[in-house]
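Q: Quick one: this structure, given as structure tokens, is what I'll be asking you about.
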Amino acid sequence: MVASLSRKTSAAPPAGELLFSGNDWDFHTIRRIHDACEAVAGPELGLSWYPNQIEIITAEQMLDAYASIGMPLFYKHWSFGKHFAQQEASYRRGLMGLAYEIVINSDPCISYVMEENTATMQTLVIAHAAFGHNHFFKNNYLFKQWTDAEGILDYLDFAKGYIARCEERYGHQAVEQVLDAAHALMSQGVHRYPRKKRPDLASEQRREREREQHGEQIYNDLWRTLPAKAGAAKGDPALERRKALLELPQENILYFLEKVAPRLRPWQREILRIVRLVAQYFYPQRQTKVMNEGCATYCHYRIMNALSQKGQLSEAAYLEFLTSHTNVIRQPNFDDRSFGGHNPYALGFAMMQDIARIVEQPTQEDRDWFPDIAGTGDAMGVLRDCWENYRDESFIAQFLSPKLMRDMRLFHVVDDPDEPEMRVEAIHDERGYRKMRRSFARQYDVAWLDPDIEVVDVDLEGDRRLILHHKALNRITLQKDDARRVLQHLADLWGYDAVLKEIDPASGAVLVEHTASARPIFF
């Protein structure tokens, strides 16, 4: 079942009238629920969102969405079937549950909701996904910068058709080999910073003429008689030209291979481009997990409470909501057997609530730590500004308060392999709070978490060996077997030998060197 819902057609039911009675629901109920949530999300919370498209799917369809990274259209690959079989087996045995919803960053925004959900859960997930996540996707600067919500579905449709045609023309095995290699390099296939658009030939020629004219105007033959500075390093003109031509160093390895790999065919380059653009599409989501889930959870909490206060939810429905909400934001203690790190729902929701408290009911400590927002009174205005202008790392570094650190019982432990015992590095005082907050925020910084690997040079005049460097932060090197397998995929795509040197950024010393030779499987 598919329901396309537009803001222009909303007709919220009157206050005091229940949206539903019992657990059952139908299309008309979904419409009433959506309109009631919209009546809170817009006027009361000030949210803005893409038009909503709500799709009701089965458990098997939800598993299929899991396997294909949640996208409604996607190309075929054997790994998706493998993931589907694993997850289906776990689900049938009761070893895992399914998400209540999946939401797609597109215009219109697509929310998949389970047909097994009760009417209360449908209300919760519509408030959470169709308005909370939807608002975040539309307004956060990273998604504006890196994603095209209007074009993503059309592009996925093109990608699916293109790869299917390649399989028909070149064979399933040949296409899967390229996809296997591209997927192995997917995490190194993103631009981490916005790139300047390369100027066209006409502008380059104009700039060259301007440079020549400027040089002629300031030229003085006496300058050539000045002695060079002692110890001045002479650059290698050939190296500099090569690096300029190949845009080296290059952090986006898939982009480099797509543009430069000498032996790839046009269809293989297009497949690399497809995988690279999909990786880039998901890059903002990796940086905003806490904020995105915190925004959606806070929004559904506010919307559900508002519906209850208006008499549109029964007491039974409200208790069901509170039970589910409490389970979602549960945060096990560090010594609990179920502890697996910090729950992004719990951390995000706690920070949103704490910011609202600081804005509306600050303590003196809050005023000292957050003078710009403490006591300003407009909690939703501050939160909307946060959702628009921050990512997880910067959000935590800016807004994690001492009170919340105490409430969550955070502490900073240093586990140095060169020391016999672990050491408590920060306690609950002003200096400790700041150190703890910096360390905690760093755990969400992709620049700190992802290996810093770049293509640095290519031996174009010799054996065409591709040279990469990994800046091993704190001398932490890559896992040997994983590095060897991924480098093999890289060499296969390049078509010649590849070498990866792991460098200590402090001293410049080479810690480990990995090599791989291309296999003649693509050509």
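Q: So, of the residues in region 426-439 that are charged (D, E, K, R) and surrounded by fewer than 14 Cβ atoms within 10 Å (Cβ to Cβ), which turns out to be nearest to ARG409 (Cα to Cα)?
A: Start the filter on region 426-439 by keeping residues that are charged (D, E, K, R), which leaves 429-431, 434-435, 437-438.
Retained after the next criterion (residues that are surrounded by fewer than 14 Cβ atoms within 10 Å (Cβ to Cβ)): 429-431.
Working: ASP429: 13, GLU430: 15, ARG431: 16 Å.
Checking each candidate, the answer is ASP429.
Q: Do you know which residues across region 487-521 are over 31 Å from the mean Cα position of the chain (by Cα), surrounded by 15 or more Cβ atoms within 10 Å (Cβ to Cβ) and of a type in the set (A, V, I, L, M, F, W, C)?
A: ALA518
Q: Out of the residues in region 361-374 that are under 31 Å from the mean Cα position of the chain (by Cα) and either polar (S, T, N, Q) or not in a loop (DSSP other than H, G, I, E, B) (or both), which is farthest from TYR433 (Cα to Cα)? Steps first, answer last, please.
A: Of region 361-374, the ones under 31 Å from the mean Cα position of the chain (by Cα) are 366, 369-374.
Within this subset, residues satisfying the condition of being either polar (S, T, N, Q) or not in a loop (DSSP other than H, G, I, E, B) (or both) are 366, 369.
On the way: ASP366: 13, TRP369: 11 Å.
Across region 361-374, the extreme among qualifying residues is ASP366.
Q: If you don't mind, another one. Which condition number does TYR444 fail, the rest of (1) outside any loop (DSSP other than H, G, I, E, B); (2) touching a residue at least 40 places away in the same chain (Cβ under 8 Å); (3) not β-branched (Val, Ile, Thr) being met?
A: Of (1) outside any loop (DSSP other than H, G, I, E, B); (2) touching a residue at least 40 places away in the same chain (Cβ under 8 Å); (3) not β-branched (Val, Ile, Thr), only one is false for TYR444: (1).
Q: Separate question: Among the residues that make up region 397-417, is at least one of them in contact (Cβ under 8 Å) with a residue 60 or more places away in the chain and either at negative phi or outside any helix (DSSP H, G or I) (or both)?
A: Initially, region 397-417 is screened for residues in contact (Cβ under 8 Å) with a residue 60 or more places away in the chain, giving 408-409.
If we keep only those that are either at negative phi or outside any helix (DSSP H, G or I) (or both) as well, we get 408-409.
Yes, region 397-417 contains a residue that is in contact (Cβ under 8 Å) with a residue 60 or more places away in the chain and either at negative phi or outside any helix (DSSP H, G or I) (or both).
Q: Tell me which of these TRP387 doesn't satisfy, since it passes every other one: (1) loosely packed, with under 13 Cβ neighbours inside 10 Å; (2) under 18 Å from GLU44 (Cβ atoms).
A: The failed condition is (1).
Q: For PRO332, are the conditions met, namely being touching a Gly at 6+ places or on another chain (Cβ under 9 Å) and assigned to a loop (DSSP other than H, G, I, E, B)?
A: On the way: touching a Gly at 6+ places or on another chain (Cβ under 9 Å): yes; assigned to a loop (DSSP other than H, G, I, E, B): yes.
Answer is yes for this residue.
Q: Something else: Kindly establish whether GLN361 is touching an Asp or Glu at 6+ places or on another chain (Cβ under 7 Å), of a type outside the set (Gly, Ala, Ser), farther than 28 Å from LEU142 by Cα and not assigned by TED's automatic domain parsing to the domain that holds LEU18. Give the steps one after another, and end with the answer.
A: Numbers: touching an Asp or Glu at 6+ places or on another chain (Cβ under 7 Å): no; of a type outside the set (Gly, Ala, Ser): yes; farther than 28 Å from LEU142 by Cα: yes; not assigned by TED's automatic domain parsing to the domain that holds LEU18: yes.
Considered against the rule, which asks whether it is touching an Asp or Glu at 6+ places or on another chain (Cβ under 7 Å), of a type outside the set (Gly, Ala, Ser), farther than 28 Å from LEU142 by Cα and not assigned by TED's automatic domain parsing to the domain that holds LEU18, GLN361 comes out as no.
Q: Would region 14-28 turn up any residue that is buried (at least 18 other Cβ atoms within 10 Å of the Cβ), small (Gly, Ala, Ser), part of a loop (DSSP other than H, G, I, E, B) and modelled with pLDDT under 90? Break it down stepwise before answering.
A: Narrowing region 14-28 to residues buried (at least 18 other Cβ atoms within 10 Å of the Cβ): 19-20, 25.
Narrowing further to those that are small (Gly, Ala, Ser): none.
The answer is no; no qualifying residue exists.
Q: Of the conditions (1) part of a loop (DSSP other than H, G, I, E, B); (2) at pLDDT 95 or above; (3) closer than 23 Å to GLU115 by Cβ, ALA36 satisfies every one except a single condition; which number is it?
A: Unmet for ALA36, out of (1) part of a loop (DSSP other than H, G, I, E, B); (2) at pLDDT 95 or above; (3) closer than 23 Å to GLU115 by Cβ: (1).
Q: Out of (1) crowded, with 21+ Cβ neighbours inside 10 Å; (2) closer than 30 Å to HIS191 by Cα, what's the single condition that is false for PHE321?
A: Tallying (1) crowded, with 21+ Cβ neighbours inside 10 Å; (2) closer than 30 Å to HIS191 by Cα, PHE321 fails exactly one: (2).
Q: Still on this model: When you look at HIS489, is it out of contact with any Gly (no Cβ under 8 Å at 6 or more places or on another chain) and outside any helix (DSSP H, G or I), yes or no? Working first, answer last.
A: Working: out of contact with any Gly (no Cβ under 8 Å at 6 or more places or on another chain): yes; outside any helix (DSSP H, G or I): no.
When the stated conditions are applied, HIS489 does not pass them.
Q: While we're here: Restricting attention to region 3-13, and to residues there that are more than 17 Å from SER111 (Cβ to Cβ) and assigned to a loop (DSSP other than H, G, I, E, B), which single residue is modelled with the highest pLDDT?
A: Among those residues, the one meeting the criterion is PRO13.
Q: Kindly check whether there is at least one residue in region 68-80 that is modelled with pLDDT of 60 or more and in a strand (DSSP E or B).
A: No, region 68-80 contains no residue that is modelled with pLDDT of 60 or more and in a strand (DSSP E or B).
Q: Among the residues of region 160-175, which ones are under 26 Å from the mean Cα position of the chain (by Cα) and either within 16 Å of ARG485 (Cβ to Cβ) or among the aromatic types (Phe, Trp, Tyr) (or both)? Spell out how you get there, then give the answer.
A: Going through region 160-175, the residues under 26 Å from the mean Cα position of the chain (by Cα) turn out to be 160-163.
The one that is under 26 Å from the mean Cα position of the chain (by Cα) and either within 16 Å of ARG485 (Cβ to Cβ) or among the aromatic types (Phe, Trp, Tyr) (or both): TYR162.
Q: Among the residues of region 272-289, is any out of contact with any Gly (no Cβ under 9 Å at 6 or more places or on another chain), surrounded by 21 or more Cβ atoms within 10 Å (Cβ to Cβ), among the hydroxyl-bearing types (Ser, Thr, Tyr) and part of a loop (DSSP other than H, G, I, E, B)?
A: Yes, the conditions are met somewhere in region 272-289.
The values are calculated or read from the model by the stated rules, or taken from the named source; none is laboratory data. Keep in mind it's a predicted model, so treat the numbers as computed, not measured. Because the Cβ atoms are built from the backbone with ideal geometry, glycine has one as well, and the counts that use them run over all protein chains shown.
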